[in-house]
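First the structure, in the form of structure tokens, and then the observations on it.
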Amino acid sequence: MAAIGSAVGLGNIWRFPYVCYQNGGGAFLIPYFVALFTVGIPLLVVEFGIGQWFGTAAPNSFKNVNKKWEWAGWWALISAFVISVYYSVIMAWCLCYLFHSLGLVWGENASVFFSQFLGKTSSPFVLGGIQPQILFALLFVWTSIYLILYKGVKSIGKIVAITVPLPTILLVIIAIRGVTLPGALDGITFYLTPHFSKLASPSVWLAAYAQIFFSLSLAQGIMIVYASYLKKKDDVTNNALIVALADGGTAFLAGFAVFSVLGYLSYSTGAGIDSIAGSGIGLAFITYPTAISHLPVAASLFGAIFFIALLTFGIDSAFSMVESVAGGIWEKWRISKKKATFIICLLGFLMAIPLATGGGSYWIDVADHFISNFGLVFVGLMECIVFGYIMGAENIRAHVNRISDIKLGRWWDYMIKFVSPVILIFIAVASLVEMLNNGYEGLPSGALAVGGVVVVITLVISIIITKVKS
């Protein structure tokens, strides 16, 4: 349940539906499931299998294979921490919008309201003032993460028993309400109409692999530390399949919830669906609130349901990142989990404060792009090298097959040793080439340079940590 909660996050709601529509509609499900079974599930099996085998967090798992590779585990944890910092700010926005939805405060122009809400400046290099409501919401988010984690894995179990099924139920409610609206069918048709000709494009396949890799919380040390709590005879392959399919199923369901409402927005305003369909922050805080304000009945209620769903989807991912880092710190320096969690949450809150300013949204975008497209991809590549070649994929497969009902064949070894590394390298190279040719969302080159420096700094810190004595 905790692993599903970590995998199913905000990206399932605001990224998958748009990526699916943009890359062939219903036809995109073909490369999506190919990517799921050739990279997603194999790497998930590696992380579950390694975590269960060694019973340790990511740094010690790498160290147990070869001491020289401990830094790769720390790189995963530091990347996860950086993600948790800006992820918490987005959750703070969701919390604020939950209260704003009660009176539909954004009015007729959600775009203008969002800019005013952020106090958005004209440049990432002009931070502007701190937005008090975001700051207080941010404090609430980090306090919640600490309270969830400070009692250890038992409290996590109690929390995920609520926060995993609840947002899924709310998403079903939103989807049901969405499909009953006028114009909903047009939106769903727009979402799922298959364009098989797009499958000939390499970019579509890369998009599928990128979606799978980022959506399953891979290469952040999360699944390794969660699997370290498994008993020695617990099934690994089944767990990996359940988590992966639950993640994909939630993303697919989110498409109905999102595009049915976008179809209604198109019907209500006369604007084309292609002009209002989007992904990311714009979808959650501009497009969807605009659609909610046009609902004929109980608009505030469904606005609240939407943002409660986002918050509960997000909280599991947020505290899983902190738990991953706390596990590594406890094993390295034997600092108690309570102290380690408090230090991480305090540091995370302090580092997130600059992102609660008017220029913060720019830096969230930059950090997310570089950590996701480069930092995590390289950590995944290290996993393939260390666990696939140095430790031996065949040894992991033998261990997993001894305790799992579903047996893996030699094809799995080839996925880890050849297919996954090649795909990950292609994702990184394609992202770099695109950014060099086209920039990134109009951001200045100076901001992009800072993003690259952040990735390098996380690597350097990871190497330094390995040199510090336990």
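The values are calculated or read from the model by the stated rules, or taken from the named source; none is laboratory data. Remember, it's a predicted structure, so these values are computed and weren't measured experimentally. Note that each Cβ is placed from the backbone with ideal geometry, even for glycine, and that neighbours are counted across all protein chains shown.
Observations, loosely collected:
- In the stretch 14-56, of all residues being farther than 20 Å from Ala72 by Cα and outside any helix (DSSP H, G or I), the one that is nearest to the chain's Cα centre (by Cα) corresponds to Arg15.
- Count of residues meeting criterion [over 23 Å from Val160 (Cβ atoms) and assigned to a helix (DSSP H, G or I)] in the stretch 293-330: 6
- Tally, over the stretch 331-351, of residues that are at negative phi, touching a residue at least 60 places away in the same chain (Cβ under 8 Å) and not in a helix (DSSP H, G or I): 0
- Residues of the stretch 163-180 classified as closer than 11 Å to Ile308 by Cβ and surrounded by fewer than 18 Cβ atoms within 10 Å (Cβ to Cβ), total: 3
- Matching option when the condition is surrounded by fewer than 22 Cβ atoms within 10 Å (Cβ to Cβ), out of contact with any helix residue (DSSP H, G or I) (no Cβ under 8 Å at 6 or more places or on another chain), farther than 23 Å from Asp368 by Cα and polar (S, T, N, Q), among Ser300, Ser275, Ser293: Ser275
- The residues on offer are Leu44, Leu36, and the sole one that is on the phi < 0 side of the Ramachandran plot, modelled with pLDDT of 95 or more and buried (at least 22 other Cβ atoms within 10 Å of the Cβ) is Leu44.
- From Ala251, Ala284, Ala244, Ala257, residue being more than 19 Å from Leu310 (Cβ to Cβ), small (Gly, Ala, Ser) and in a helix (DSSP H, G or I): Ala244
- Within the stretch 402-414, the set of residues being under 14 Å from Gln52 (Cβ atoms) and touching a residue at least 12 places away in the same chain (Cβ under 8 Å) comprises Ile403, Ser404.
- Yes/no for Phe81 being more than 30 Å from His399 (Cα to Cα) and free of Cβ contacts under 8 Å to residues at least 24 places away in the same chain: no
- Some residue of the stretch 152-160 being modelled with pLDDT of 95 or more, touching a Lys or Arg at 6+ places or on another chain (Cβ under 9 Å) and not aliphatic (A, V, I, L, M): no
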